[in-house]
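> Structure provided below as structure tokens; questions to follow.
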Amino acid sequence: MKLPALPFARELWPAVLASALAIGTWSLFVGNRVPGTDAARRGYPLDDAWIHMVYARSLVEEGGFHYNEGVPEAGMTSPLWVVMLSGIHALVGDGPVERIVLASKLLALGFGIGGVVTLYLIARALGEGRAVGFLAASLAALDPSLTFSRAAGMEVPLFVFLVLLALLAAVRGQPVATGAAAGLSVVARPEGIVLWPVFLLLNLRRELRGRPGFAVRLGAGVFAAMIPVVGYMLLCLHATGAPLPNTFYAKFAAQNPFSPALLGFGWRHYIHDNLPYFTLEAGSVLALLGALRLFRRRRLLGLAPVACGALLFASAMASRRFAPGHFYYWERWLIPAFPFLLLAIAVGAGELREGLAALRARVRRGPPGAAVWAAAMAVVALASWPLPAALSERAAAFAWNSQNIEEMNVYLGRWVAANLPRAAVVGVNDAGALRYFGMRNTVDLEGLNEHRIRGRDRNRFLRAIERVDYFVVFPFWFKDLRRFLPIQPIHQVRAPHYTICEAPQEVMLVGRVERR
């Protein structure tokens with residue numbers, strides 16, 4: 001399971017410089033005050049982050065994964081992230097919530113830096129030079145979408161780090177380390193399991209099969225991968241009677257992963273028109289050059305990063321329905337595929353440099369070597385020309401997303417705690433901050449944290465809402481619920497500049513059930 005050491009000063013200084021870039025862009029996002037508040041520092045850009053906080057708090061205070069007090073539930077898709085957040089809760093204790101939030105963002109940054117360094121090491125393990133490795137790591141450090149995820153205080157950087165670590169171990173022929181990282185990746189995000197065939201094939205390659213003790217190490221790696229997955233399935237069975245988390249039954253929408261229309265939609269909205277690398281299609285050309293170079297030089301090993309990125313992208317597109325645009329609300333499911341694209345772009349730049357150098361060698365009075373590198377970097381600069389503007393735009397969007405959650409979800413959670421009876425049962429459609437701050441028995445109408453209504457079963461849903469005293473929901477939910485129950489609106493809140501998505505969610509209503 002040992003990853004071989006590398007001389008720090010000679011080998012890792014490019015990764016250290018790239019890590020410094022990651023810290024800088026993270027600070028740009030967390031410190032953004034475009035809305036006129038510090039919501040970017042003390043809040044989250046999505047309500048889902050507060051769901052993880054609910055489970056983390058219950059793990060510390062009650063010793064279990066509970067959504068409502070004392071009731072086991074399986075609403076967290078990232079139990080590993082919940083466990084890590086519980087450590088923060090235990091350390092901070094009864095301190096201000098803002099400290100817990102900032103600590104979670106720092107933890108996400110730490111894993112984000114780990115992903116940047118690991119991407120550099122993957123490039124080196126594939127035979128690329130330090131310059132190519134540095135370029136790949138720097139692109140990952142500066143990427144607006146990856147930076148958004150590092151600042152969001154959610155599980156995406158953890159998942160990306162574990163996937164990259166598993167790939168690095170597999171490229172190096174270390175099956176136990178591969179299995180351990182691959183297993184943990186699945187309890188960081190379930191879609192990590194789609195990469196297991198790639199990792200297994202890498203550890204079955206011919207040069208490894210002849211090593212002494214190969215079968216034992218491979219078996220140990222498989223066992224290491226299975227332990228966290230089986231453990232989480234048993235936890236779900238105990239809590240809900242089903243082997244998978246509630247989110248699978250509530251959100252999974254199977255689609256054809258080979259559909260050109262589906263993949264083209266994802267590529268256009270969330271990659272090509274979203275990431276700042278495709279000026280004059282330079283990013284597409286470099287990525288294609290990089291993929292061809294990796295295959296030509298390393299065959300199976302070279303195909304592995306390309307396969308990982310493609311599998312993560314296709315499986316995300318085929319497992320849920322995406323809306324047009326490039327909002328982080330949906331983009332977060334595709335972000336784990338981005339480092340592999342950035343690696344291909346960096347390798348493509350290396351291929352272009354070598355091509356220009358070969359051309360120079362054939363010309364009697366060719367440009368000097370430095371000029372060859374400068375020409376290759378000019379193409380990269382052209383590809384990423386919109387990067388500074390994109391970073392500024394996404395930092396502002398991050399701050400506004402966080403402001404929206406603060407002025408709606410967090411505010412209403414505190415309002416519930418201050419104004420509703422302690423014994424009240426509250427029905428919600430955004431189930432994070434309302435439960436975390438509201439501290440009331442809460443029914444998640446979406447079924448993400450209420451296994452009794454998962455799968456959109458109408459009869460179970462109607463039975464669940466019969467015990468609700470108050471609803472805190474978006475207007476379209478309010479309209480539907482009034483068909484079944486006499487609900488009187490008593491309070492509402494509006495976000496005047498709503499940026500999280502284009503759905504009509506800028507208003508949330510509080511309604512009281514008028515029972516006779």
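The values are calculated or read from the model by the stated rules, or taken from the named source; none is laboratory data. Given the structure is predicted, the values throughout are model-derived calculations rather than measurements. Please note: Cβ atoms are built from the backbone with ideal geometry, for glycine as well, and neighbour counts cover all protein chains shown.
Conditions (1) acidic (Asp, Glu); (2) without any contact (Cβ under 8 Å) to a residue 24 or more places away in the chain; (3) in a helix (DSSP H, G or I); (4) out of contact with any Cys (no Cβ under 8 Å at 6 or more places or on another chain), marked per residue:
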{"site": "HIS89", "(1), (2), (3), (4)": "no, no, yes, yes"}
{"site": "ASP94", "(1), (2), (3), (4)": "yes, yes, no, yes"}
{"site": "ALA103", "(1), (2), (3), (4)": "no, yes, yes, yes"}
{"site": "LEU109", "(1), (2), (3), (4)": "no, no, yes, yes"}
{"site": "GLY133", "(1), (2), (3), (4)": "no, no, yes, yes"}
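> Tell me the residue from ILE23, ILE88, ILE51 that is over 26 Å from ALA131 (Cβ atoms) and surrounded by fewer than 22 Cβ atoms within 10 Å (Cβ to Cβ), please.
Every option except ILE88 fails the conditions.
> If only one of ALA323, ALA314, ALA344 is in the same structural domain as TRP196 (by TED's automatic domain parsing) and at pLDDT below 95, which one is it?
ALA323
> I'd like the residue in region 143-169 that is of a type in the set (Gly, Ala, Ser) and either not assigned by TED's automatic domain parsing to the domain that holds LEU119 or not in a loop (DSSP other than H, G, I, E, B) (or both) and, out of all such residues, is farthest from ALA49 (Cα to Cα).
ALA169
> Then there is this: Where residues in region 69-83 are surrounded by fewer than 19 Cβ atoms within 10 Å (Cβ to Cβ) and either at pLDDT 95 or above or acidic (Asp, Glu) (or both), which of them is nearest to the chain's Cα centre (by Cα)?
The selected residue is VAL83.
> Kindly indicate whether any position in region 489-497 is out of contact with any strand residue (DSSP E or B) (no Cβ under 9 Å at 6 or more places or on another chain) and not in a helix (DSSP H, G or I).
yes
> Residue by residue through region 75-87, note down the ones that are in a helix (DSSP H, G or I) and among the polar types (S, T, N, Q).
SER86 - this is the single residue of region 75-87 that is in a helix (DSSP H, G or I) and among the polar types (S, T, N, Q).
> Among the listed residues ALA242, ALA166, ALA225, ALA253, identify the single one that is of a type outside the set (S, T, N, Q), modelled with pLDDT under 95 and closer than 19 Å to LEU312 by Cβ.
After applying the criteria, what remains is ALA253.
> I'm trying to understand the selection: among the residues of region 487-516, which are surrounded by 12 or more Cβ atoms within 10 Å (Cβ to Cβ), closer than 16 Å to VAL428 by Cα and not aliphatic (A, V, I, L, M)?
PRO489, HIS491, GLN492, GLN505, GLU506, GLY511, ARG512
> Does VAL176 meet the test of being of a type in the set (A, V, I, L, M), surrounded by fewer than 24 Cβ atoms within 10 Å (Cβ to Cβ) and in contact (Cβ under 8 Å) with a residue 24 or more places away in the chain?
Yes; evaluated as a whole, the condition is true for this residue.
> Could I ask something else about it? Examine region 260-279 for a residue that is among the basic types (Lys, Arg), out of contact with any Gly (no Cβ under 8 Å at 6 or more places or on another chain) and surrounded by fewer than 17 Cβ atoms within 10 Å (Cβ to Cβ), and state whether such a residue exists.
yes
> Could you go through region 458-469 and let me know if any residue there is in contact with a Leu (Cβ under 7 Å, 6 or more places away or on another chain), closer than 20 Å to ASN404 by Cβ and either aliphatic (A, V, I, L, M) or in contact (Cβ under 8 Å) with a residue 60 or more places away in the chain (or both).
Within region 458-469, not a single residue is in contact with a Leu (Cβ under 7 Å, 6 or more places away or on another chain), closer than 20 Å to ASN404 by Cβ and either aliphatic (A, V, I, L, M) or in contact (Cβ under 8 Å) with a residue 60 or more places away in the chain (or both).
> Can you tell me which residues in region 66-87 are free of Cβ contacts under 8 Å to residues at least 24 places away in the same chain and not hydrophobic (A, V, I, L, M, F, W, C)?
If the condition is that a residue be free of Cβ contacts under 8 Å to residues at least 24 places away in the same chain and not hydrophobic (A, V, I, L, M, F, W, C), then HIS66, GLY70, GLY87 are the ones that fit.
> Pairs only if they're at least six apart or on different chains, beta carbon under 7 angstrom, first in region 250-264 and farther than 30 Å from GLU73 by Cβ, second part of a loop (DSSP other than H, G, I, E, B) and not aromatic (Phe, Trp, Tyr); list them, first residue then second.
LEU262/GLN255; LEU262/ASN256
> Please determine whether any residue of region 53-65 is out of contact with any strand residue (DSSP E or B) (no Cβ under 9 Å at 6 or more places or on another chain), under 26 Å from GLU506 (Cβ atoms), at pLDDT 95 or above and in the same structural domain as ASN246 (by TED's automatic domain parsing).
Within region 53-65 (the criterion being out of contact with any strand residue (DSSP E or B) (no Cβ under 9 Å at 6 or more places or on another chain), under 26 Å from GLU506 (Cβ atoms), at pLDDT 95 or above and in the same structural domain as ASN246 (by TED's automatic domain parsing)), the answer is yes, since at least one residue qualifies.
> Collect the residues in region 30-60 that are in a helix (DSSP H, G or I), in contact (Cβ under 8 Å) with a residue 24 or more places away in the chain and not hydrophobic (A, V, I, L, M, F, W, C), keeping them in residue-number order.
Hits for region 30-60 are ARG41, ARG42, ASP48, HIS52, TYR55, ARG57.
> Going through region 295-311 one residue at a time, which ones are buried (at least 18 other Cβ atoms within 10 Å of the Cβ) and modelled with pLDDT under 95?
Scanning region 295-311 gives LEU301, GLY302.
> Look at PRO367 and say whether it is modelled with pLDDT of 90 or more and either part of a helix (DSSP H, G or I) or more than 20 Å from ALA140 (Cα to Cα) (or both).
No; evaluated as a whole, the condition is false for this residue.
> If only one of LEU142, LEU146, LEU158, LEU162 is surrounded by fewer than 24 Cβ atoms within 10 Å (Cβ to Cβ) and more than 13 Å from LEU12 (Cα to Cα), which one is it?
Going through LEU142, LEU146, LEU158, LEU162 in turn, the sole match is LEU142.
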